1. Amide H of VAL89: which non-local residues (sequence gap of 5 or more, or other chain) have their own amide H closer than 5 Å, using H built in the peptide plane?
2. Please report the net charge: other residues with Cβ closer than 14 Å to the Cβ of ALA159, K and R +1, D and E -1.
3. For the residue pair ASP144 and GLU80, what label-to-label distance in nm results when each label sits 7 Å from Cα along the Cα-to-beta-carbon direction?
4. Return the Rg/Rh ratio of the chain with Cα-based radii and a Kirkwood Rh.
5. How big is the C-alpha Rg of segment 1-88 next to the rule-of-thumb value 2.2 N^0.38 Å, as a ratio?
6. Please give the length that would be gained between ARG174 and THR27 if that part of the chain were fully extended, namely 0.36 nm times their separation in residues minus their C-alpha to C-alpha distance (nm, one decimal).
7. Tell me what the chain gives for mean residue ellipticity at 222 nm when only DSSP H runs of n ≥ 4 count, each as -39,500 (n - 2.57), the sum divided by the residue total, rounded to 500 deg cm²/dmol.
8. Quick one: Karplus J couplings for segment 50-66, per residue in order, coefficients 6.51, -1.76, 1.60, θ = phi - 60°, nearest Hz, x for Gly and Pro?
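We did not get these values from a lab; they are worked out from the coordinates using the rules stated. Source: prediction; values computed, not measured. Because the Cβ atoms are built from the backbone with ideal geometry, glycine has one as well, and the counts that use them run over all protein chains shown.
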Amino acid sequence: MSSAGPARVQCDVWIGAAVRRVWDLVTDIHLPARLSPELQRVAWLDGALRPAVGARFEGHNSHPLLGEWRTVSHVVRLDEHRAFGWAVVDEDGRFGEPAGGPAEALASWRYELEAEGDGTRLRQEAVLGPGRNGVTLAVERRPDRREEILAFRVGELRAGMEKTLAGIKELAERAG
């Protein structure tokens, strides 16, 4: 996305709760819709009921500049109590040709968990691309403002991730 490679955002938080408790929260795909400013709702697809590599879920998003859209996510990583990752694709062609699979992801997301002291270090990462997304559209319209557009979107993602991580921390610590 930039001359240095894809736009990448990473945030982390220490949570005063066991890895198992944090894992239960981050693998609940419905939880981010309660915490995120952009993700509105999610649902498993194809009869899936919980995360498994290859499982798919749809997400419905809303953004003041982009409106509303649907994405389909493919679970691409599931290392019990360590990592949960998914690739988000544009199956509906909102940002260009419909994407068929994770190799054409508009973004990839991942949670990583690590026991630290008497709690858990939780990291969340998002990587934009390689597929077309809202940033792609904005940069095509205003190539002279590429770095500004990327910085704005990275800032939005960081703020949303920090809010989500704070919510997970609160829920995990409250539950004990």
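1. Here the answer is VAL72, SER73, HIS74, LEU106, since their amide H atoms fall under 5 Å of that of VAL89.
2. Details: positive: ARG153, ARG158, LYS163; negative: GLU38, GLU156, GLU162.
Surrounding charge for ALA159 is 0.
3. The two pseudo-label positions are separated by 5.7 nm.
4. Details: Rg = 16.1 Å, Rh = 16.6 Å.
Dividing the radius of gyration by the Kirkwood radius yields 0.97.
5. Working: Rg = 14.5 Å, N = 88, 2.2 N^0.38 = 12.1 Å.
Cα Rg divided by the expected 2.2 N^0.38 Å: 1.20.
6. On the way: separation 147, 0.36 × 147 = 52.92 nm, distance 1.78 nm.
The span from ARG174 to THR27 would gain 51.1 nm if fully extended.
7. Numbers: 4 runs with 51 residues, N = 176.
Only helices count here, giving -9000 deg cm²/dmol.
8. Those phi angles translate into 7, x, 7, 4, x, 5, 10, 9, 9, x, 10, 10, 9, 9, x, 8, 9 Hz.
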